[in-house]
Amino acid sequence: MDLTRAREIVRSEDKIVVHYKGDSVWIDELDESTATARVHTERNPASSLRVEVEQLEER
């Protein structure tokens, strides 16, 4: 995924399915200076991790 699309997803009111390494995730925030995102899985919302935006996939 590119940074522009990730930004659109974060701003959207719709639920847009995004995956990271096969798991469905929510994008919590973007850091545009490093092209990373803080995400959490739907199964474990209390645990978040920072990933490169290019590793996210829209489905």
Residue that is surrounded by the most Cβ atoms within 10 Å (Cβ to Cβ) [pool: residues in segment 11-23 that are of a type outside the set (A, V, I, L, M) and either over 9 Å from the mean Cα position of the chain (by Cα) or over 20 Å from Arg50 (Cβ atoms) (or both)]: Asp23
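Anything in segment 36-49 that is over 18 Å from Arg59 (Cα atoms) and over 11 Å from the mean Cα position of the chain (by Cα)? List them, or say none.
At the first step, the residues of segment 36-49 found to be over 18 Å from Arg59 (Cα atoms) are 36, 38, 44-49.
Once the filter is applied, which keeps residues that are over 18 Å from Arg59 (Cα atoms) and over 11 Å from the mean Cα position of the chain (by Cα), segment 36-49 yields Asn44, Pro45, Ala46, Ser47.
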Identify the residue in segment 42-59 that is among the polar types (S, T, N, Q) and surrounded by fewer than 16 Cβ atoms within 10 Å (Cβ to Cβ) and, among all such residues, is modelled with the lowest pLDDT. Asn44
Every residue from segment 24-35 that is hydroxyl-bearing (Ser, Thr, Tyr) and under 11 Å from the mean Cα position of the chain (by Cα): Ser24
In segment 28-59, the residues that are assigned to a strand (DSSP E or B) and either in contact with a Cys (Cβ under 9 Å, 6 or more places away or on another chain) or of a type outside the set (Asp, Glu) (or both): Leu30, Thr36, Ala37, Arg38, Val39, His40, Thr41, Ser48, Leu49, Arg50, Val51, Leu56
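The values are calculated or read from the model by the stated rules, or taken from the named source; none is laboratory data. These numbers come from a predicted model, not from an experiment. For neighbour counting, all protein chains shown are included, and Cβ atoms are generated from backbone atoms with ideal geometry for every residue, glycine included.
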